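I have placed the structure first, in the form of structure tokens, so that the comments after it can refer back to it.
The values are calculated or read from the model by the stated rules, or taken from the named source; none is laboratory data. Given the structure is predicted, the values throughout are model-derived calculations rather than measurements. Note that each Cβ is placed from the backbone with ideal geometry, even for glycine, and that neighbours are counted across all protein chains shown.
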Amino acid sequence: MTLKPPLILMSLTLFLAVAIVLATGMGFLAIAPLEVIQILWAKALGVGIGEDMNSTFPFVVMEVRLPRILAAAIVGGGLAVAGAVFQAILLNPLADPYTLGVSSGAAFGASLALVLGILGITVSPLVSVPLLAFLGAMATLAAVFALAAPDGRLSSNTLILSGVIVAAILSAGIGFIKYLADEQVGVIIFWLMGSFVGKTWHDVALTAIFVLPGLLVMLYFARDLNIMALGGRTADTLGVESRRVKKILLVCASLMTAICVSVSGIIGFVGLIVPHLLRLVLGPDNRLLIPACFFGGAILLLTADTITRAWLPTELPIGVLTSLIGGPFFCYIFRKKQLGQRT
Amino acid sequence: MNTLAAPLFAISKGCFAYRANNVLQDIDLSLAPGQFYGLIGPNGSGKTTLLDLLTATRSLQSGQLSFQGRPLVKYAKKELAVRIALVPQQFAMGFDFTVAELVLMGRYPHIPRFSNPTARDLELVEEAMAVMQIQPLRHRLITDLSGGEKQRVVVARALAQDTEVLVLDEATANLDIHHTIEIMHVIRKLVRDQGRTVIAAIHDLNLAAAFCDQVIVLKNGRIFKAGPVAEVLTSRLIAEVFQVEAVVQAATPDHPPQIHYTLS
């Protein structure tokens, strides 16, 4: 690595800022980047905007596009960081946030919230979706832990295996909810495929409240995560409370995943590919990798969302797009890695 | 250093069971500083568990274990990490750290959380790499190294930790004879010149005989015998503990005791 970490992070921040401005200008109604900056500047200072601008522009920027774009960026960053942390904890660079079943748990909880109405319970989905997604994620995590760790040790193989088992049961549960949902099944299916359509400032605030502090906790433990790559026994003799750190970070990453899933539906693959790609470029040091993943994930998902929103003739669910582009790409890297290890 | 000094480790009536199996029973042991201890015994005799107890990665279910006169459980992990280092036998690393980054991890307990390594830290890393002759590998990725190279990196990592006690769990089991002897010489020198204490589980009895001051013999979770090499490693003991017939050739001023096995 020749570039200094602060320089890398500063360039990524700048890159994200440029991407946000450009994406805000794109769409059915094209707005020049300079005009976008003008609007943001005026709103930030609370002053009026020049008379020569189309009067619908500020509304489009502030109320329609920006919340959606920021939501996509924060969800992308959150998923990527959660992925990086799951990989570091499970000591497996090819693991992903879904292997622990956390996403399925969150999706199960959120789908349940969507059909509560059928059961005669009326709660605002603004509250019930994130709440049940979180409860689903945490219940799943607890179940996976109980299954994996009867003797108190948390081995990564048993954790992944337990995650896969629990996720399989949960996906049957989601299938049952879809069957129950009847007329509402379209809503659930669309949501399960992942989308940022109609995201508001409320969604931006909800994700930011959980993802940003979570990111700070992860940065605090980033150095311990590096040491934990040596294996639990060695990490313990180097003074890392590896079991405690493992639990704190698993809860933290699960919470972030749950909030992201509750806002956007299931967007696979971001948590897998972003940390993996960045690790190839920047190396495995979590002190740089974790913040870089936040920016990388944010830029990736924001770009993908802008493509579905502004370029494609009909809007494609973003989860489908990321998987369609990312899946084969990941297979290619995986294959290359396997071949590289053999020689 | 002399053996009359206060014990470094003292275990009395130590027992450890793993899921209803008694792995270690009635362990009474006193280890003096400045000695090279060899821990020998058949597979499953409890060697690794005993080392785990000494490094506080497991704790006794009954009995006492003290380190430098204070119960081991009273130490914070960070306090122990600057005093005791471990070289494990198994080492799997899935992430592409470079050799130099990995050796620097040995300095972790000495560097505050958000600080950069000091010149002294980097100096110790260089020294450890020089001793293990892995300086030419410094920029190589740990995942690209051979098993023997990896193990030398892991030993260097423990040396960089710069602790008074070094615990080795069959650290040379995967190395060729050349590198095995080289590592044993380095460790022997740490004990002789710097008064450090080494406790090493060793399978090869000749290696133990050649480099250790004292041997501790475990059989079925109990200490069968412990004492100076020449007193303990007898053909009778080898027959009783390992069920192997052997002739032990006494030490001469130039040669350590040698064990010749009867292969039949």
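One table, with the values for the structure above:
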| quantity | calculated |
| --- | --- |
| All positions within region A:257-309 that are under 22 Å from A:Ile227 (Cα atoms) and among the acidic types (Asp, Glu) | A:Asp285 |
| Residue check, B:Val191 under 25 Å from B:Thr48 (Cα atoms) and modelled with pLDDT of 95 or more | no |
| Test: residue in region B:143-154 that is of a type in the set (A, V, I, L, M, F, W, C), within 14 Å of chain A (Cβ to nearest Cβ) and crowded, with 19+ Cβ neighbours inside 10 Å | yes |
| Residues of region A:219-239 that turn out to be touching a residue at least 12 places away in the same chain (Cβ under 8 Å), in contact with a Pro (Cβ under 9 Å, 6 or more places away or on another chain) and more than 14 Å from B:Leu104 (Cα to Cα), as a count | 3 |
| Those residues of region B:180-206 which are outside any strand (DSSP E or B), closer than 27 Å to B:Leu24 by Cα and within 13 Å of the chain's Cα centre (by Cα), in sequence order | B:Arg196, B:Ile202, B:His203 |
| Filter pass, A:Ser103 being surrounded by 23 or more Cβ atoms within 10 Å (Cβ to Cβ), at pLDDT below 85, over 23 Å from A:Ala19 (Cα atoms) and out of contact with any Leu (no Cβ under 8 Å at 6 or more places or on another chain) | yes |
| Breaking point among (1) at positive phi; (2) at pLDDT 90 or above, for A:Ala235 | (1) |
| Residue tally, condition more than 19 Å from the chain's Cα centre (by Cα) and in a loop (DSSP other than H, G, I, E, B), over region B:208-232 | 1 |
| Scope region A:221-241; condition more than 7 Å from chain B (Cβ to nearest Cβ) and among the acidic types (Asp, Glu); matching residues | A:Asp224 |
| Selected residue (only one of B:Ala210, B:Ala250, B:Ala239 is touching a Pro at 6+ places or on another chain (Cβ under 9 Å), small (Gly, Ala, Ser) and at pLDDT 90 or above) | B:Ala210 |
| Selection within region A:219-248 - surrounded by fewer than 18 Cβ atoms within 10 Å (Cβ to Cβ), within 22 Å of the chain's Cα centre (by Cα) and over 13 Å from A:Asp285 (Cβ atoms) | A:Tyr220, A:Lys247, A:Ile248 |
| Residue count for region A:189-207, restricted to those that are under 18 Å from the mean Cα position of the chain (by Cα) and assigned to a helix (DSSP H, G or I) | 11 |
| Boolean, B:Asp176 is within 14 Å of chain A (Cβ to nearest Cβ) and touching a residue at least 12 places away in the same chain (Cβ under 8 Å) | no |
| Number of the exception - B:Leu137 against (1) under 30 Å from B:Lys47 (Cα atoms); (2) surrounded by 15 or more Cβ atoms within 10 Å (Cβ to Cβ) | (1) |
| Unique residue being touching a residue at least 40 places away in the same chain (Cβ under 8 Å), in contact with a Gly (Cβ under 8 Å, 6 or more places away or on another chain) and hydrophobic (A, V, I, L, M, F, W, C) when the list is B:Phe91, B:Phe36 | B:Phe91 |
| Residue count, region B:245-255 (criterion: of a type in the set (A, V, I, L, M) and under 25 Å from the mean Cα position of the chain (by Cα)) | 2 |
| Residue among B:Thr172, B:Thr180 that is under 26 Å from B:Gln249 (Cβ atoms), out of contact with any Cys (no Cβ under 7 Å at 6 or more places or on another chain) and crowded, with 24+ Cβ neighbours inside 10 Å | B:Thr172 |
| Residue match in region A:23-34 (condition: within 30 Å of A:Val245 (Cβ to Cβ) and in contact (Cβ under 8 Å) with a residue 60 or more places away in the chain) | no |
| Number of positions in region B:131-142 that are over 22 Å from B:Arg83 (Cα atoms) and away from chain A (no Cβ under 14 Å) | 5 |
